[in-house]
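Here's the structure we're looking at; comments come further down.
Bear in mind these aren't lab numbers, they're just calculated from the coordinates by the rules spelled out. In this text, all values refer to a predicted model and were calculated from it rather than measured experimentally. Neighbour counts run over all protein chains shown; Cβ positions are idealised from the backbone, glycine included.
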Amino acid sequence: MKYYLRTYGCQMNVADSDEMGRHLQARGLTPTEDPEEASVLLVNTCTVRQHAEDRAFSEIGRLKKWKARQPGRKVVITGCAAERTKEYLENRFPHVDLVVGAKSIEDFGRIVDGLLDRRSTDEDLEYAIPTSDDKVSAFVTIMRGCNYSCTYCIVPYVRGRESYHPIEQVLAEVRDRVSEGAREITLLGQTVNSYHRDGSKGRDTDFADLLQEASAVDGVERVRFISPHPYYMTDRVIDAMATTPQVCESLHLPVQSGSNPILKKMLRNYTREHYLALLEKLRAAMPGIAISTDVIVGFPGESDADFRETLALIREARFDWGFIFKYSTREGTPAAAWESFPQERIEERHQECLALLDCLAFDKRQALVGTDHDVLIESGNFGRTRTNYKVQVEGDAASGDTVKVRITDAQRVTLSGHVHGSRQTSGYMDGHVIRN
Ligand code: SAM
Ligand code: SF4
């Protein structure tokens, strides 16, 4: 029996999808890229912005025909929109067999067992041997939920309060992903660097400890993490990043706005000055670090002066890239009660901000032409630098290899380059990295 998984939203959702996929594989299902081959179709939804939710709902509507084409097929809806609108989904789409909200993902295995009871599934559908995941770059969730109350954000409502996985569990997952072929591990959480858990060090194990311990797992070449919150970007974390060779020199650090009054209204507990000082600290500790961000434009009450402050911060911060989001009203959040902008104004600001960031980011990419980077090949001829730039690589390189690449060209989104110097192939033998 095959399953098809469609994921909307952030890396947390991608990691949740991977985890649900592993549960399904443990029960004998195999993944497929073709929905027509699938007997179980999962839609992992996002509700952070209205647009993502709307897209998922129209896909769910279309699945009625998919299901009708073959009796016994199952439709499963999971994730943040499923948490927020469970009853609505069940009533509006009777062809949906199971709704699993984001707060219940850790129980997915148990919940899905009932659905996959063979008696209630088409007897003709064929079971297959589980396959293993062979991703070079894998996600490991270290915490769930969020204790913040950013006034625009639905996440704390649909994912609940913070809970942290025990360090032993995190390290076991890192080892599992490495044994399946991963070379790069991305630690995940909504405020990933707030991680703490009772440890063996006479104090809590914190995120800095975790970075070091995950990096020390045999076979781990690269460690990244997402999404850190500026508040928890402590000296200890910066020091651990700078002194642990496996931790990559790249950081996605959402700023949301460059205006202090707006940051205050968003309840972001830092100022533009704090944020910029933090970037200086990071750059002093890791001179080559690439920094990216999230910005929201059109937050209720954002004046023209506030918006100009955001543009000025983008220039000052010298971001390598970023995501500019149009503010989206989320029912139930404090900001939803505040007067919002006409959509055209939000659109205009979005375009202006995007144009600025694109232009700065393109300059940065062009400045990389002629420089050499270690690129970890992820699939085909595509890989990433330690600074998380995507590179199309020409030359002798296979998935899982780390190769020295000279950058020859910069496009709007990616870089191009060719293998330059000797090839390093990573392989694993009895748990040790070998290079040839
Ligand atoms: N926890 C992370 C943090 O605090 O930076 C971010 C997680 S959130 C799922 C990802 C991004 O979505 C945020 O950084 C923010 O820019 C954006 N976002 C969240 N709520 C939004 C809203 N109501 N409208 C537009 N963008 C939003
Ligand atoms: Fe949302 Fe703020 Fe929590 Fe990030 S820190 S998930 S933006 S409430």
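Between Y88 and R315, the simple spin-label model (points 7 angstrom out along Cα→Cβ) gives 4.1 nm.
Take the Cβ-Cβ distance between F323 and N147 as r, set R0 to 22 Å, and report the resulting FRET efficiency rounded to the nearest 0.05. For F323 and N147, the calculated efficiency is 0.45. Which shape class applies to the range 1-109: rounded if a/c is under 1.5, otherwise prolate when a/b exceeds b/c and oblate if not, where a ≥ b ≥ c are the square roots of the Cα gyration tensor eigenvalues? Oblate shape, in that a/c is at least 1.5 and b/c is the bigger or equal ratio. Spacing of the modelled spin labels on D358 and Q50, each 7 Å from Cα toward Cβ, amounts to 2.5 nm.
At R0 = 45 Å, how high is the FRET efficiency between D198 and E36 if r is their beta carbon distance? Nearest 0.05 is fine.
Working: r = 49 Å, r/R0 = 1.08.
The pair D198/E36 has a calculated efficiency of 0.40.
The magnitude of the dipole of the chain, with charges of +1 and -1 set on the Cβ of Lys/Arg and Asp/Glu and taken from the Cα centre, is near 520 debye. Once you reduce the range 1-53 and the range 72-117 to the center of their Cα atoms, the two points are 12 Å from each other. Once C-alpha pairs closer than 8 Å and six or more residues apart are averaged by separation and normalised to the residue number of the range 155-271, the relative contact order reads 24 percent. Within the listed set K74, K103, K65, the residue fluctuating most in the Gaussian network model of the chain (springs between alpha-carbon atoms under 10 angstrom) is K65. The gain in end-to-end length when the Q366 to E394 segment is fully stretched comes to 8.3 nm, 0.36 nm per residue minus the alpha carbon separation.
For the range 191-254, a/c is not less than 1.5, where a ≥ b ≥ c are the root eigenvalues of the C-alpha gyration tensor, and a/b does not top b/c. That puts it in the oblate class. Lacking any other cysteine beta-carbon closer than 4.7 Å, the following Cys residues of the chain have no compatible partner: C10, C46, C80, C146, C248, C353, C359. Seen from C359, the other residues with C-beta closer than 14 Å to its C-beta sum to a net charge of +1, counting Lys and Arg as +1 and Asp and Glu as -1.
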